[in-house]
Amino acid sequence: VTLRDLGRQRLRGLDRLEQVYQVVAPGLAAEYPPLRTQIDRPNNLPVQTTPFVGREAELAELRRLLADPGVRLVTILGAGGMGKTRLALEAAGRELGDHTSFADGVFFVSLAPLDLAAAIGSTLAAALDFQFQAAGSERQQILNYLAQKRMLLVMDNFEHLLDGRDLLAEISARAPGIKLLVTSREHLQMSGEQLFPLGGLALPESEKATESAPAAQLFLDTARRIVPDFHLLEGEAEQLLRICRLVEGMPLGLELAASWAGVLPLAEIAAEIEQSLQILSGERHDAPERHQSMQAALDVSWRRLSEEQKRAFQELTIFRGGFTREAALEVAGATLPVLVTMVNKSWLAY
């Protein structure tokens, strides 16, 4: 028995390279396909501290889009708390294991802390560890650098920096080897943009299938991090199904609801959600302020609506289960352009 040195490999979930060997012995296959590991390519992807749940269909479709040479810009579009960032990071991490694409790396660019679109270029350079030279335009320097690269850039939380779309357009025009994966609460409305609308996690179809559904899995995983021996009592599958449906599978809503699992029975959690969003809050010190509660997540997007859009939305809440545009105009005075804008800002869905 001997060992064949396969080199140092970046295994998924670990933040350092590991030495990997293949056992060579009589009766064992000698040749295998390349290891599906995160090979040692440049990247700055943050290590995730919790397991990724569900979204396999979404990941498969994202990988198809990222492999399509005709697609240069993909926008994961969804409301706050829908899990856009986590999905983008998981998709980006899986691209690191691909031995043929993005040879120059995969990089995550956090835009949430920025107040001005003018800071996008310097933030991108910092993520790439790119050093500007004293002479010449910084914008031209970063564009020239990217023009020679094959990279995936994850531009996270773009909705409040829409004035910076021209930089994305220039990257797409001048750097053919760059793919842009953007997360946003708003449609960028750029030429060549491929929208990827994101809804909630798959809901249980029945009480019997509750625990196997991704939405329920996320709730249970979160609850068990707080109460290690947490399990469903008799009759609680119905209540978990009720909670999943009340928050429509939204990951943030499920995690915040599950944070009460050691305090309240599931029936009371569901009843509280039905009354108001106040229970959907928590003290997660490592989470951004916008993810401390459902109210905070909604407020970020609400402030980006015009007064006309806010008034229309408030009046549209009279409807249950949807409405026609004719009804929206009659009841709320919401014109088609107003409705489309609210769809683009993730407040309504077709």
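Can we say Gly253 is assigned to a helix (DSSP H, G or I), under 20 Å from the mean Cα position of the chain (by Cα) and not basic (Lys, Arg)? Reasoning before the result, please.
On the way: assigned to a helix (DSSP H, G or I): yes; under 20 Å from the mean Cα position of the chain (by Cα): yes; not basic (Lys, Arg): yes.
Yes: the conditions hold for Gly253.
Scan region 142-166 residue by residue and report those that are assigned to a loop (DSSP other than H, G, I, E, B) and touching a Phe, Trp or Tyr at 6+ places or on another chain (Cβ under 6 Å).
Listed by number, the list holds a single entry, Arg150.
Quick check, is Ala88 at negative phi and touching a Ser or Thr at 6+ places or on another chain (Cβ under 6 Å)?
Judged against the criteria, Ala88 is a match.
Working only within region 82-124, note down all residues that are touching a helix residue (DSSP H, G or I) at 6+ places or on another chain (Cβ under 7 Å), at pLDDT below 90 and farther than 18 Å from Tyr145 by Cβ.
Arg94, Glu95, Ser101
Report the residue count in region 199-251 for those that are among the hydrophobic types (A, V, I, L, M, F, W, C) and in contact with a helix residue (DSSP H, G or I) (Cβ under 6 Å, 6 or more places away or on another chain).
Of the residues in region 199-251, 16 are among the hydrophobic types (A, V, I, L, M, F, W, C) and in contact with a helix residue (DSSP H, G or I) (Cβ under 6 Å, 6 or more places away or on another chain).
Which condition number in (1) modelled with pLDDT of 90 or more; (2) open to solvent by 50 Å² or more (accessible area, probe 1.4 Å); (3) closer than 30 Å to Phe158 by Cα is the one that Val23 fails?
Result: Val23 passes all but (3).
What pairs can you find where one residue is in region 42-53 and surrounded by 11 or more Cβ atoms within 10 Å (Cβ to Cβ) and assigned to a strand (DSSP E or B), the other is at pLDDT below 85 and aliphatic (A, V, I, L, M), and their Cβ atoms are less than 8 Å apart, with a gap of 6+ or different chains?
Between residues of region 42-53 that are surrounded by 11 or more Cβ atoms within 10 Å (Cβ to Cβ) and assigned to a strand (DSSP E or B) and residues that are at pLDDT below 85 and aliphatic (A, V, I, L, M), the close pairs are Asn43/Leu96.
What tally of residues in region 331-342 results from selecting those that are among the aliphatic types (A, V, I, L, M) and either surrounded by 15 or more Cβ atoms within 10 Å (Cβ to Cβ) or part of a loop (DSSP other than H, G, I, E, B) (or both)?
Residues meeting the conditions: 5.
For the structure I just gave you, tell me whether Arg139 is open to solvent by 50 Å² or more (accessible area, probe 1.4 Å), in contact with a helix residue (DSSP H, G or I) (Cβ under 6 Å, 6 or more places away or on another chain) and in a helix (DSSP H, G or I).
Spelling it out, Arg139 is indeed open to solvent by 50 Å² or more (accessible area, probe 1.4 Å), in contact with a helix residue (DSSP H, G or I) (Cβ under 6 Å, 6 or more places away or on another chain) and in a helix (DSSP H, G or I).
Does Arg86 count as within 30 Å of Trp347 (Cβ to Cβ), among the basic types (Lys, Arg) and assigned to a helix (DSSP H, G or I)?
Considered against the rule, which asks whether it is within 30 Å of Trp347 (Cβ to Cβ), among the basic types (Lys, Arg) and assigned to a helix (DSSP H, G or I), Arg86 comes out as yes.
The values are calculated or read from the model by the stated rules, or taken from the named source; none is laboratory data. Note that this is a predicted model, so its numbers are computed, not measured. As a convention, Cβ positions derive from the backbone with ideal geometry for all residues, glycine included, and neighbour counts pool all protein chains shown. The accessibility values were calculated without ligands, DNA or RNA, using every heavy atom of the protein model including side chains. Shrake-Rupley method; radii C 1.70, N 1.55, O 1.52, S 1.80 Å.
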